[in-house]
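The values are calculated or read from the model by the stated rules, or taken from the named source; none is laboratory data. None of the values given here were measured: they were computed from a predicted structure. So basically every Cβ, Gly included, is an ideal-geometry build from the backbone, and we count neighbours across all protein chains shown. To get the accessible areas, we keep the full protein, side chains included, count just its heavy atoms, and leave off ligands, DNA and RNA. Shrake-Rupley method; radii C 1.70, N 1.55, O 1.52, S 1.80 Å.
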Amino acid sequence: MFKKPFANLKSFSPLRSSDRRRFQTEAYEAYPSLKELCSAEDASHLMPDDLRSAKFIAHSGVSGTVYMSKKQTVWISLENLPPIPTVYTMWQYPNMLPKLYTWGPVVQKLIDGAVLGPEGVLPNLNTGDLVAITIKGYSYPLAVGTMTVPTSEIKPRSGMKGKAVHIIHVYEDYLWSMGDKSEPPELQNISDDEYEEEEEEKEEEKIETGSKDQTPVPQEKKTVEQKVETKAKQLSTNEIDEWLKKSLFQALVYKIKEGNESNVLPLSASSLYSAYIMPCRPLDVGTEIDIKKSSWKKLQKFLKAMDKAGVLKTKEQRGETMVISVNWSHPNLQGLHKFKTMESATVQPSKEAAKQVSKPSSQQKQQEQAEIQEIFKPLGTSLVKFFAEAKHDTDALYTIPELRAAIADYIKLHDLVNPENQKMIKIDPVMCDATLTKQEYNSVNQLTRDQILHRICSKMQPFHTIKLPGKEAVLRKGQPKPVEITQEIRQGRKTITKVTGVEGFGLDVEELSKELTKLCASSATYNTIQGVSPKNPLYEIMVQGPQIKNITELMLSKGVPKRFIDTIDKTAKKKK
């Protein structure tokens, strides 16, 4: 639908609060899983306050509304359909829509309007239902569309032909290009080997028709087939119940961890489910595991069952179930075998990649570091007279070495070196006004060269130049301000890490927040600092958890010199 630019696009205008709430309600009704995720504590809003909308007519003649937040297209609405997420929104909530999986390098084919035959177990969908499309083995959607036939009539690998999905929007189309054109998360990590192997299998099947029973299947292909069968397995309610409990145990032992519960608990039921249980579902059958498919149906009932079993302790607070403690001696938490989780397939690779980026070689670090130089300008009658007497420009900007040279010239011209102690410089009337306070006029007769330099610098107007990697040096007023990383406790027991001052080093706050989300495997948001001029806004980035080390390493990799990184840990216990 968006292969070409819009035939007509109205100007964007902010949504009224009532319209934004109504649109959000429609989205929650269409995608119930989002309500739990977005209602979790510290979760980002599904419909941001700055949401803007504009009506459009596509080149195909279809009319609708597109919604933007900041520089990102986030939703579209079409007649007789629920709110449709863009790929940017689906990358943020990858499991919001049922998915059809296809093989290998299909992005260009999706853009051209084709969908390769779906693989594996198909979700139960009817004609007209919304569906996401992605590559087999990759969890993030690459396209969204509506079913043209029910999935019950589609038979994978059967050789059926025709169009199963009507594509509405796909990665790399015009709607995507209206955003920041960011790439799908970890798409470069997806290998095409499986796709090529599958094509080879199909070719061999065509050649060896009628000889399937006689020709032995290689062991490698048997393994692949067994894996596919495992992934395709539909789970019963009892199996979902068991895996849900195992996911909880995995989250408690390996994610919350014994000894660290004081920093996490008490925790709301929705936060436990979205931030801990869901990521700890097993990799092979995780998409099938959902509280609504279990025998409990509701999260509160599941947690009360775990409370009754003695695994954890819950308490009702203001109408919400809170997990307040964990029984670490419970048999189910002893000797627990660690399995591959859904989080390990998404978060861990990006975390490792970010760590590799954040730990370049020492030579690369030197090359990429920002170059900062402090410079000073004479300010006030006394300093202007001092530089004039030293035969130096009174309007020039001086670096520290140039200031030393100017002071040395003044000392030489006026013969101020103490003959008895050449380290000391005699103070004459002009230098007296330039370096001493009124209280020192009658008490201080001589100073060292470093003392004179320090005193003159403190009375001059400060400037600094900053040269970012690959850019020209920029002159700025004032002293260079460091990046400040503060770790503190909020809302009783929650540890957060705040970052300010990144703008001074040419770092984009939005991009940095995205990198921190991946690097720290945690939520990272940013807000304008109050009291700052809106013409030159400054931002504060807030990251969940104790992240001083990760953020410091990232700042160093971005070229921020170590001497301009200040860390403050307010969570550290005070020494008695």
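Here is the figure for region 480-501: residues that are modelled with pLDDT of 85 or more and open to solvent by 40 Å² or more (accessible area, probe 1.4 Å) total 4. Here residue 406 does not qualify as surrounded by 13 or more Cβ atoms within 10 Å (Cβ to Cβ) and not in a helix (DSSP H, G or I).
Of all residues in region 234-251, which are in a loop (DSSP other than H, G, I, E, B) and either open to solvent by less than 60 Å² (accessible area, probe 1.4 Å) or free of Cβ contacts under 8 Å to residues at least 60 places away in the same chain (or both)? Result: 235, 236.
Checking the condition hydrophobic (A, V, I, L, M, F, W, C), surrounded by 15 or more Cβ atoms within 10 Å (Cβ to Cβ) and modelled with pLDDT under 85, which residue from 468, 507, 512 passes?
Details: 507 fails: modelled with pLDDT under 85; 512 fails: modelled with pLDDT under 85.
That would be 468, the only listed residue that is hydrophobic (A, V, I, L, M, F, W, C), surrounded by 15 or more Cβ atoms within 10 Å (Cβ to Cβ) and modelled with pLDDT under 85.
A count restricted to region 518-531 and to residues that are in contact with a strand residue (DSSP E or B) (Cβ under 9 Å, 6 or more places away or on another chain) and farther than 22 Å from residue 274 by Cα stands at 3. Kindly establish whether residue 254 is outside any strand (DSSP E or B), crowded, with 18+ Cβ neighbours inside 10 Å and not β-branched (Val, Ile, Thr). Against the criterion (outside any strand (DSSP E or B), crowded, with 18+ Cβ neighbours inside 10 Å and not β-branched (Val, Ile, Thr)), residue 254 does not qualify. Can you tell me which of (1) in contact (Cβ under 8 Å) with a residue 24 or more places away in the chain; (2) surrounded by fewer than 17 Cβ atoms within 10 Å (Cβ to Cβ); (3) part of a strand (DSSP E or B) is the one residue 527 doesn't meet? Only one criterion is unmet by residue 527, namely (1). Among the conditions (1) part of a loop (DSSP other than H, G, I, E, B); (2) modelled with pLDDT of 90 or more, the only one that residue 447 does not satisfy is (1). Residues in region 474-508 that are aliphatic (A, V, I, L, M) and within 21 Å of residue 546 (Cβ to Cβ): 6 in all. Taking the listed residues 35, 71, 99, the one that is closer than 23 Å to residue 142 by Cα, in contact with a helix residue (DSSP H, G or I) (Cβ under 7 Å, 6 or more places away or on another chain) and of a type in the set (Lys, Arg) is 35, with no other qualifying.
The condition of being loosely packed, with under 15 Cβ neighbours inside 10 Å, modelled with pLDDT of 85 or more and over 28 Å from residue 524 (Cα atoms) holds for residue 298. Checking each residue in region 57-101 for being open to solvent by 20 Å² or more (accessible area, probe 1.4 Å), outside any strand (DSSP E or B) and among the β-branched types (Val, Ile, Thr) picks out only 62. Pick from region 13-31 the residues that are in contact with a Lys or Arg (Cβ under 8 Å, 6 or more places away or on another chain) and surrounded by 12 or more Cβ atoms within 10 Å (Cβ to Cβ): which of them is nearest to residue 166 (Cα to Cα)? Checked region 13-31; the qualifying residue nearest to residue 166 (Cα to Cα) is 28. Among the residues making up region 441-465, those that are surrounded by 14 or more Cβ atoms within 10 Å (Cβ to Cβ) and either of a type in the set (Asp, Glu) or without any contact (Cβ under 8 Å) to a residue 24 or more places away in the chain (or both) are 444, 447, 451, 455.
Pairing residues of region 466-485 that are more than 15 Å from residue 562 (Cα to Cα) with residues that are of a type in the set (Phe, Trp, Tyr), at Cβ distances under 7 Å and at least 6 apart in sequence or on separate chains, gives 475/463; 476/463; 477/463. Hey, could you check region 8-56 for residues that are polar (S, T, N, Q), part of a strand (DSSP E or B) and modelled with pLDDT of 85 or more and say which is nearest to residue 130 (Cα to Cα)? Step by step, filter region 8-56, then rank; the result is 53.
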